[in-house]
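Novice: Take this structure first; my questions come after.
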Amino acid sequence: MAGEQRRFGDLLLEALDEMSDPAGLPAADIDARVAEVQRLLAQARQEIDAEDGVTPVLSEQDVIAFVDEGKRLNHDQQRQLFTDPGLRALFRDLKRRNAVALPPAAGQAGSPRFAEMPALIAAASAQGPEFERPFAGGTLRINPVGIDEQVYVVFNFDDPSVVSRVLFVERARDSRIERLELPPPDNGEIVLVKDLALAADADLVDLLRDLTTSGDFQR
């Protein structure tokens, strides 16, 4: 354990040494150096686990494959993506690189905006079958189709030119992360049909209706 602490400490000191004059660096360089520090810490954690005979559940390559290719993560891997600081930082960085940018809001020309659905402090929605939730850049609606237990899941973007092909949905309280492939929009509207009689579809709709979840739309 002492050796482990020294290795992490050495890495931190080395990284802080390199970043001793952040005022002279562009913001992009600072972000890149922070990401490198987080990558080194995650790498050190993996090396320590390997020396101790512990096989990491989730690797950096798994995270990249999940974001870029939709590789499935089991629940243990999803949990690690919430609890491992290095992997969490890598995940956030990958999402930000592909985030759907929105036009600046009035009076906020210098502030970047992205299509995202922030988590709210609410245990559950009081809405009935007709569900609606605004997000940055648009609105999510869930409505019954009128056939058995099927529902429409509709993402309506305020700007019809916005295109998103992937949505990451996250819920921290049970360490859930889902990657949802989205079809091409039609005049700013993306429509999915889900069947609540199917466990996977019902689970996804439950995540989307839960106000404590967050979502990030990707290009």
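Novice: For the stretch 111-218, what is Rg from Cα atoms divided by 2.2 N^0.38 Å, rounded to two decimals? The partial results should precede the final answer.
Specialist: Values: Rg = 13.3 Å, N = 108, 2.2 N^0.38 = 13.0 Å.
With N residues counted in the stretch 111-218, Rg over 2.2 N^0.38 Å equals 1.02.
Novice: Just subtract the alpha-carbon distance of H75 and E132 from 0.36 nm times their residue separation and send over the number in nm, one decimal. Before the final figure, lay out each step's value.
Specialist: Numbers: separation 57, 0.36 × 57 = 20.52 nm, distance 2.82 nm.
Using 0.36 nm per residue and subtracting the Cα-Cα distance, I get 17.7 nm.
Novice: Let me ask something else. Could you give the length gained by full extension between A119 and A199, i.e. 0.36 nm per residue of separation minus their alpha carbon distance, to one decimal place? All intermediate terms of the calculation are to be shown ahead of the outcome.
Specialist: Details: separation 80, 0.36 × 80 = 28.80 nm, distance 2.35 nm.
Length gained, A119 through A199: 26.4 nm.
Read the figures in this text as sums done on the coordinates, not as results from a lab. Just so we're clear, the structure is a prediction, and the values are computed from it rather than from any experiment.
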